[in-house]
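Following: one structure in structure tokens, then a few remarks.
Values in this text are rule-based calculations from the coordinates and carry no lab data. None of the values given here were measured: they were computed from a predicted structure. Glycine also receives a Cβ, built like all others from the backbone with ideal geometry; neighbour counts cover every protein chain displayed.
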């Protein structure tokens with residue numbers, strides 16, 4: 001990559017070549033880190049576990065999400081919890097910390113985290129289908145040691161979403177909206193604040209596109225889009241969505257494996 005060339009009065013191009021190599025290195029290395037984050041995030045852990053343990057294509061069951069929550073419904077709670085920890089810490093936290101330890105600038109660390117979320121949501125292995133990215137996004141936030149933000153969003157998502165209202169979809173949406181504001185309030189660098197905004201856009205975009213599934217035909221398209229944005233499903237009732245099964249089960253019978 002030719003970026004800059006400096007020539008001395010004697011026509012010596014040595015300095016120019018050195019600068020050219022340095023600038024090329026400074027451009028290529030961040031790109032490789034971000035690409036590596038995407039490929040790492042693309043490893044479909046939930047899909048592989050569902051195939052091995054329950055003999056199913058997780059995209060054809062329940063919400064169609066290739067992630068821990070859908071895996072809990074169809075392969076057991078303990079299995080889903082373990083995979084959720086892998087998606088969070090393994091996919092989200094580890095790449096960010098590794099980029100930091102290897103001396104990458106803050107914007108590169110943010111790019112690596114966002115790329116890992118993109119890989120999880122639009123996996124190269126699964127032809128650009130995948131999960132919703134919530135667990136991986138939590139892992140990225142932890143990688144930046146955003147402890148106050150993590151605690152507040154955990155209260156919103158866990159306490160209100162799971163324990164009081166028993167529907168995490170809407171409260172995940174609320175968490176995505178307040179996260180950039182929290183990052184600003186707690187004085188995070190501009191790169192991190194921008195990252196939280198892009199993170200929200202990625203996760204909401206994934207809700208809208210799902211896994212490229214057609215809109216549910218029972219309701220008008222604008223209602224289905226609204227359901228996807230707010231509740232991450234195509235229908236009003238959670239159970240109607242999470243308990244879906246394929247009409248023709250080509251994966252074989254669903255195996256309920258208790259943990």
Which order do peptides 232-242, 134-144 fall in by mean Cβ count within 10 Å, highest first?
134-144, 232-242
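Could you compute how fast the stretch 57-184 diffuses translationally, taking Rh as the Kirkwood radius over C-alpha pairs and applying Stokes-Einstein at 10 °C with viscosity 1.306 mPa s? Give it in µm² per second.
Details: Rh = 15.2 Å.
So the translational diffusion coefficient is about 105 µm²/s.
Pull out the extension gain between residue 128 and residue 52, defined as 0.36 nm times the separation in residues minus the alpha carbon to alpha carbon distance; nm, one decimal.
Details: separation 76, 0.36 × 76 = 27.36 nm, distance 2.10 nm.
Result for the pair: 25.3 nm of gain on full extension.
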The stretch 79-120: translational diffusion in µm²/s, Stokes-Einstein, Kirkwood Rh over Cα pairs, 4 °C, 1.567 mPa s:
123 µm²/s
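Determine the gain in length on full extension of the stretch residue 35-residue 77; use 0.36 nm per residue of separation and subtract their C-alpha separation, reporting nm with one decimal. Let's see the in-between values first.
Numbers: separation 42, 0.36 × 42 = 15.12 nm, distance 3.22 nm.
Additional length available on full extension: 11.9 nm.
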Using only Cα atoms and rounding to the nearest 10 degrees, what angle (0 to 90) does helix 14-41 make with the longest principal axis of the chain?
10 degrees
Taking R0 as 30 Å, what's the FRET efficiency between residue 167 and residue 101 from their Cβ-Cβ distance, rounded to 0.05?
0.20
Debye-sum result for the chain in log10 I(q)/I(0), which assumes one identical scatterer on each alpha carbon, at q = 0.11, 0.12 Å⁻¹:
-0.63, -0.73
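If you average the sequence gap of Cα pairs under 8 Å that are 6 or more apart and divide by the length of the stretch 14-242, what percent do you get for the contact order? Spell out each step's value before the answer.
Working: 320 pairs, mean separation 43.5, N = 229.
Computed over the stretch 14-242, the figure is 19 percent.
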Note down the nm distance, to one decimal, between modelled labels 7 Å out along Cα→Cβ at residue 27 and at residue 243.
5.7 nm
Determine the distance separating the Cα centre of the stretch 194-250 from the Cα centre of the stretch 59-80; give it in Å without decimals.
15 Å
